[in-house]
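Student: First, the structure itself, so that you have it in front of you.
Bear in mind these aren't lab numbers, they're just calculated from the coordinates by the rules spelled out. Small disclaimer: the values here were computed from a predicted structure and weren't measured. When we count neighbours, we look across all protein chains shown, and the Cβ atoms used for this are built from the backbone with ideal geometry, even at glycine.
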Amino acid sequence: MKTKIGLCGFAVSREKYFRTFPVVELQQTFYQPPALQTIRKWHAQSPEGFEYTIKAWQLITHEPKSPTYRRLKMSIPDSQEKNYGSFKPTDEVFQAWETTKEIAAVLGSRIILFQCPASFQPLEENTINMKNFFRTIQRESFVFAWEPRGRWSEEQIESICKELDLIHTVDPFKSRPVYGKLRYYRLHGIGGYRYRYSEEDLKTLKSFIDEKIDTYVLFNNVYMYENALEFKKLS
């Protein structure tokens, strides 16, 4: 592998997707993890060599005030809300990790993405919680990718990624990766989710790729399917 192109989620039928792309980043695992029976079914349906990367459950990274919790099916009592998100050292967060890890194991996933909200700022408490979390959980053979979206400096990101062996995940049109043995790009749209990348944009994207480094290019915009196909033709 050098470059793998795919989407953040199945934007078309799974059958059509499997014929088109070699990798998908599962989104359901972030909002509300499916039952293991469903996960096993998806894995059985996929062709040999197909790769699933997954987003870690939001209970690990996002606090209940996040609008993403609207898609969470479980009910969290008001008195327990403080126990969720921001990598807090709580039973709830570590149990959410166990759920994420179990799904990754069933799918044979190598990469697990921890996407943080913009509200997760470079505060001392957040940094301590991150270090405690990643030093406590069992890494096994997983590769952990981290997408910070708060006001973290490159120096802070590089320091944390190096210390915790994380892949710095970016939208390459917005920032550059500062650490990691591979590249994990997530394309959110220039200026917003509804953006459609032009041919010139895709040529620029191609220029971001170092052919000596394994790179994932995952589109996450309204036109993700069309843009991924167009980029595939350029690659």
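Student: What 222 nm value per residue comes from the helices of the chain, counting each DSSP H run with n ≥ 4 as -39,500 (n - 2.57) and dividing by all residues, nearest 500 deg cm²/dmol? Kindly include the intermediate steps, with their values, before the conclusion.
Tutor: Numbers: 9 runs with 86 residues, N = 235.
-10500 deg cm²/dmol, from helical runs alone.
Student: Sticking with this one: Out of residues 5 or more away from residue 4 or on other chains, whose amide H comes under 5 Å of its own, with H placed 1.01 Å from N in the peptide plane?
Tutor: The list, which skips near neighbours in sequence, is 215, 216, 217.
Student: Right, next: Kindly put 57, 42 in sequence by how many other C-beta atoms sit within 10 Å of each C-beta, fewest to most.
Tutor: By the 10 Å Cβ count, ascending, the order reads 42, 57.
Student: Next question, about the same structure. Sticking with the crude label model, points 7 Å out along Cα→Cβ, report the distance from residue 211 to residue 171 in nm, one decimal please.
Tutor: 2.9 nm
Student: Spelling out what I want: for every residue of region 15-24, take phi, set θ = phi - 60°, compute 6.51 cos²θ - 1.76 cosθ + 1.60 (Karplus), and round to whole Hz; glycine and proline get x.
Tutor: In residue order, the calculated couplings are 4, 5, 4, 4, 6, 10, 10, x, 8, 9 Hz.
Student: Give the angle, between 0 and 90 degrees and rounded to the nearest 10, that separates the Cα long axis of helix 224-234 from the longest principal axis of the Cα atoms of the chain.
Tutor: The angle comes out at about 50 degrees.
Student: For residue 111, what residues show an amide H to amide H distance below 5 Å, using hydrogens built from the backbone and excluding near sequence neighbours?
Tutor: When sequence neighbours closer than 5 places are left aside, the close amide H contacts are 54, 143.
Student: Between residue 36 and residue 95, 0.36 nm times their residue separation minus their Cα-Cα distance comes to what?
Tutor: Values: separation 59, 0.36 × 59 = 21.24 nm, distance 1.54 nm.
Roughly 19.7 nm would be gained on extension.
Student: Skipping prolines and chain starts, which residues have an amide H placed within reach, meaning under 5 Å, of the one on residue 167, given they are 5 or more residues away or on another chain?
Tutor: 144, 145, 146
Student: Same structure, new question: Testing the spin-label approximation: label points 7 Å from Cα along Cα→Cβ at residue 102 and residue 119. State their distance in nm.
Tutor: 2.7 nm
Student: Report the net charge of residues surrounding residue 169, where surrounding means a beta-carbon distance below 12 angstrom and charges are Lys +1, Arg +1, Asp -1, Glu -1. List each step's numbers first, then the result.
Tutor: Working: positive: 55, 149, 174, 176, 183, 186; negative: 25, 147, 171.
With Lys, Arg at +1 and Asp, Glu at -1, the net is +3.
Student: Less than 9 Å Cβ to Cβ from residue 84, Lys/Arg counted +1 and Asp/Glu -1: what total charge do the surrounding residues give?
Tutor: Numbers: positive: 82, 88; negative: 63, 81, 92.
Every neighbour counted, the sum reads -1.
Student: If the elastic network links every pair of Cα atoms under 10 Å, which of 121, 58, 80 fluctuates the most in the Gaussian network model of the chain?
Tutor: In this elastic network of the chain, the residue with the biggest mean-square fluctuation among 121, 58, 80 is 80.
Student: Most exposed first by the Cβ proxy, i.e. fewest other Cβ within 10 Å, how do 196, 70, 183, 149 rank?
Tutor: Working: 196 14, 70 7, 183 22, 149 18.
In increasing order of surrounding Cβ atoms, one gets 70, 196, 149, 183.
Student: Which entries of 41/212; 55/206; 88/212; 2/82 show an alpha-carbon separation above 30 angstrom in the structure shown? Mind showing how you got there, number by number?
Tutor: Numbers: 41/212 35 Å; 55/206 24 Å; 88/212 37 Å; 2/82 42 Å.
Where the Cα-Cα span goes over 30 Å, the pairs concerned are 41/212; 88/212; 2/82.
Student: Rounded to whole Å and sorted largest first, what semi-axes of the equivalent ellipsoid does the C-alpha gyration tensor of the chain yield via the square root of 5 times each eigenvalue? If you can, show how the numbers build up before the last one.
Tutor: Working: eigenvalues 149, 93, 57 Å².
Whole-Å semi-axes of the equivalent ellipsoid: 27, 22, 17.
Student: Can you check what the net charge comes to around residue 203, using other residues whose Cβ is under 12 Å from the Cβ of residue 203 (Lys, Arg +1; Asp, Glu -1)? Walk me through the numbers on the way to the answer.
Tutor: On the way: positive: 206, 233; negative: 199, 200, 201, 230.
Around residue 203, the charge tally is -2.
Student: Now, a different point. Modelling each spin label as a point 7 Å along the Cα-to-Cβ direction, I'd like the residue 182/residue 198 distance in nm, to one decimal.
Tutor: Each label point lies 7 Å from its Cα, and together they span 3.3 nm.
Student: Hey, another quick one. For region 3-234, calculate the relative contact order in percent as a whole number, restricting contacts to Cα pairs under 8 Å that are 6 or more residues apart.
Tutor: Across region 3-234, relative contact order equals 19 percent.
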